[in-house]
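The values are calculated or read from the model by the stated rules, or taken from the named source; none is laboratory data. As the structure is a computational prediction, the values presented were derived from the model and not from experiment. When we count neighbours, we look across all protein chains shown, and the Cβ atoms used for this are built from the backbone with ideal geometry, even at glycine. For accessibility, only protein heavy atoms count, side chains too; no ligands or nucleic acids. Shrake-Rupley method; radii C 1.70, N 1.55, O 1.52, S 1.80 Å.
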Amino acid sequence: MAINDDKRVIIFDTTLRDGEQALQSSLSPKQKLQIAMILDQLGVDVIEAGFPISSPGDMEAVRLIGQNLKNATVCGLSRAVDKDIDACYEAMKGLDHYRIHTFIATSDIHVQDKLKKSFDDVVEMAVRAVTRARKYTDDVEFSCEDAGRTPIDHLCRTVEAAIKAGATTVNIPDTVGYTLPYEFGNIIKSLFDRVPNIDKAVISVHCHNDLGMATANSLTALQNGARQIEVAVNGLGERAGNCSLEEVAMTIKTRSEYMGGLYTGIVSTNIARASQVVAGVCNEPVPPHKAIVGSNAFAHSSGIHQDGVLKNRSTYEIITPESVGFKENNLHMTARSGRHMIKSCLASLGYDESTYDLDDVYARFLKLADRKGQVFDYDLEALLFFSPDKEEETQFELESLNVISGGKNVIPTASVRLKIGKRTRTESGTGNGPVDAVFNCITRLTGIRCELTNYVIAAKGSGMNAQGQVDVDVMYQGRQYHGKGLSTDVIESSALALIHACNSIYRARIIADEKLENKEK
Ligand SMILES: CC(=O)SCCNC(=O)CCNC(=O)[C@H](O)C(C)(C)COP(=O)(O)OP(=O)(O)OC[C@H]1O[C@@H](n2cnc3c(N)ncnc32)[C@H](O)[C@@H]1OP(=O)(O)O
Ligand SMILES: CC(C)C(=O)C(=O)O
Ligand SMILES: [Mg+2]
């Protein structure tokens with residue numbers, strides 16, 4: 001692939017190859033295709049779709065993806081052996097354009113202990129592999145595996161030989177994430193200084209995150225002349241992962257003046273969606289604090305930060321959530337929040353400061369937050385309407401619960417008894433699983449029909465003391481409510497979580513009725 005603009009950085013995505021190597025379960029061709037279509041829309045330039053010699057399924061995945069991409073170039077990986085290169089050709093033959101990526105390790109430890117060869121043998125294998133791949137396509141990438149630990153003389157010699165044999169891209173991987181940014185930048189600089197034919201190929205880097213340096217090393221390499229970076233969505237990849245696509249793309253965009261005006265073809269507003277699809281298909285949740293795409297990346301829970309963000313978002317947000325495809329930032333109310341946050345939340349609910357005593361509400365809010373951890377907008381509103389002894393009063397309480405579930409031919413059935421105000425009522429019902437059966441009973445008992453939008457179950461503690469915590473988000477009349485339940489029995493945790501949310505909805509309904517009455521008066 002030829003991009004004739006020295007400022008343009010080629011984004012080579014290896015989510016489906018190196019990223020997939022990190023999964024406990026390999027992906028099917030269909031799953032890979034689903035991710036590839038998202039990557040294509042995201043604007044990556046090359047998609048390394050798999051390792052065709054690896055299995056018939058991966059051969060099929062590379063073929064399928066090659067046939068369906070609209071913009072990106074498909075690429076298959078091969079060792080420096082004939083049969084792997086031929087398998088790449090087999091997977092991609094017939095396409096207008098495709099890349100074969102062949103590699104061999106060049107560091108002493110890999111050459112001697114893994115490949116059990118001499119360095120001369122390795123250079124010969126590299127040349128033979130590139131030459132063979134060039135017979136099939138004019139887009140050939142060669143990688144010196146473990147370049148980060150390769151003596152520089154050996155690296156220069158291999159790179160020169162690979163380019164001479166016809167490699168159009170030469171990749172310098174820090175395979176084990178060993179180097180530091182200054183050191184890695186110097187490796188790239190040395191190659192530009194010492195390899196005579198370096199200008200005949202695009203120099204690429206492929207950094208791993210074992211010491212948390214993958215993004216820094218990739219950016220330093222760009223500053224030293226590399227023009228392709230190999231990345232994966234959510235930083236997926238062997239061990240601690242590959243360089244994360246979203247981190248480099250957003251750094252290049254956000255700090256372009258510092259990056260010498262470099263740019264990529266990434267459509268940044270598609271990043272959040274790509275992250276979510278990769279996390280879902282790969283069954284690999286994104287850690288909350290992951291830069292750019294974590295759920296906490298645009299969240300603020302402390303009063304000083306919330307005050308700053310409310311006055312000017314740029315005080316604590318260097319990029320906007322919208323620019324990477326999230327709807328908005330999140331301001332969580334906790335005992336670390338301050339008065340500005342409380343005032344702002346009440347204003348968004350329609351309460352002018354003249355209608356309440358901020359100091360009094362704030363003092364009560366802090367007591368509630370110390371008890372509950374997180375306070376939601378409807379909890380805050382309840383402080384205005386209920387006296388302190390009533391603000392957490394519950395209308396619904398679980399008295400007992402019975403479920404029958406099981407394998408084939410057993411219809412999940414539940415029976416739930418709730419204390420509702422001063423009365424007790426029981427309901428029985430079925431569902432498509434035991435939790436669904438319980439939720440159906442609770443819906444009938446409370447009369448609250450809400451839509452379940454999120455259900456998360458997590459183990460708290462371990463061994464005999466382990467409990468299951470269920471968190472639910474439900475939507476009721478256009479407003480989001482949250483419920484939490486904790487028990488040694490996860491079905492009971494689920495019931496408690498929904499009942500918790502129903503109690504909040506019940507209180508919000510009383511407030512809504514009261515507001516209506518006041519208006520009518
Ligand atoms: C740094 C990286 O991410 S490299 C990519 C890693 N990805 C993968 O390994 C996933 C796909 N791999 C596979 O499906 C399999 O490992 C295959 C099909 C490639 C090979 O399977 P097998 O033939 O059973 O070999 P196995 O994986 O056990 O061992 C690898 C062999 O390849 C050799 N080898 C490793 N890298 C290279 C290379 N770049 N060029 C040539 N030979 C290589 C090893 O020395 C070893 O050879 P040996 O059998 O003579 O000892
Ligand atoms: C195959 C190569 C590029 C690789 O994944 C690595 O060296 O980390
Ligand atoms: Mg790798």
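Listed values, structure above:
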read-out: Estimated FRET transfer efficiency (ASP377, ALA458; beta-carbon r; R0 25 Å; 0.05); value: 0.55
read-out: Accessible area of CYS88 in the full protein assembly, 1.4 Å probe (Å², nearest 10); value: 0
read-out: In Å², nearest 10: area of LYS390 left accessible to a 1.4 Å probe; value: 90
read-out: Accessible-area composition of segment 300-385, carbon plus sulfur, in percent [1.4 Å probe]; value: 50
read-out: Rounded Å value of the spacing that divides the Cα centres of segment 91-136 and segment 423-474; value: 55
read-out: Pairwise FRET efficiency - THR269 versus ASP108, Cβ, R0 = 56 Å, nearest 0.05; value: 0.80
read-out: Label point at ASN518 placed 7 Å out along Cα→Cβ; residues across segment 352-396 whose backbone nitrogen lies under 12 Å; value: 352-357, 381-386
read-out: Distant-in-sequence amide H partners of ILE10 (H built 1.01 Å from N, under 5 Å); value: GLN228, ILE229
read-out: DSSP beta bridges in segment 10-282 [antiparallel fraction, %, rounded to 5]; value: 5
read-out: Largest-first ordering by accessible area, 1.4 Å probe, given options LYS83, LYS164; value: LYS164, LYS83
read-out: Largest-first ordering by accessible area, 1.4 Å probe, given options LYS327, LYS515; value: LYS327, LYS515
read-out: Ranked packing of 15-25, 329-339, most packed first, by mean Cβ within 10 Å; value: 15-25, 329-339
read-out: Gyration tensor verdict on the chain (Cα atoms; rounded if a/c is under 1.5, prolate if a/b is larger than b/c, oblate otherwise); value: prolate
read-out: Where HIS101, HIS110 fall by accessible area, highest first, once all protein chains stay in place (1.4 Å); value: HIS110, HIS101
read-out: Accessible surface of MET250 - all protein chains present, 1.4 Å probe, nearest 10 Å²; value: 10
read-out: Formal net charge of residues neighbouring ARG194 (Cβ-Cβ distance under 12 Å; K, R +1; D, E -1); value: -1
read-out: In sequence order, calculated HN-Hα J values of segment 31-44 (Karplus, 6.51, -1.76, 1.60; Hz; x Gly/Pro); value: 5, 5, 4, 4, 5, 4, 5, 5, 5, 4, 5, 6, x, 5
read-out: Segment 316-350-segment 479-518 distance, computed between alpha-carbon centres (Å); value: 23
read-out: DSSP-assigned coil residues among GluC sites (Glu not before Pro) in segment 392-440, each with at most 16 further Cβ atoms within 10 Å; value: GLU392, GLU393
read-out: Net charge of neighbours whose Cβ lies under 12 Å from the Cβ of HIS482, counting Lys and Arg as +1 and Asp and Glu as -1; value: -1
read-out: Whole-number accessible area per residue in Å² for segment 25-84, which is evaluated in the context of all protein chains at 1.4 Å; value: 39
read-out: Gain on full stretching of the segment that runs from ALA466 to TYR182 - 0.36 nm per residue minus C-alpha separation; value: 97.6 nm
read-out: Relative contact order for segment 396-520, counting Cα pairs under 8 Å that sit 6 or more residues apart, in percent; value: 17
read-out: Of all DSSP beta bridges in the chain, antiparallel share, percent nearest 5; value: 50
read-out: Integer Hz, Karplus 6.51/-1.76/1.60 couplings in order for segment 281-290, x for Gly and Pro; value: 5, 7, 6, 10, x, 7, x, x, 8, 4
read-out: Two-site FRET efficiency, SER295 against GLU124, from Cβ-Cβ distance with R₀ of 45 Å, rounded to 0.05; value: 0.35
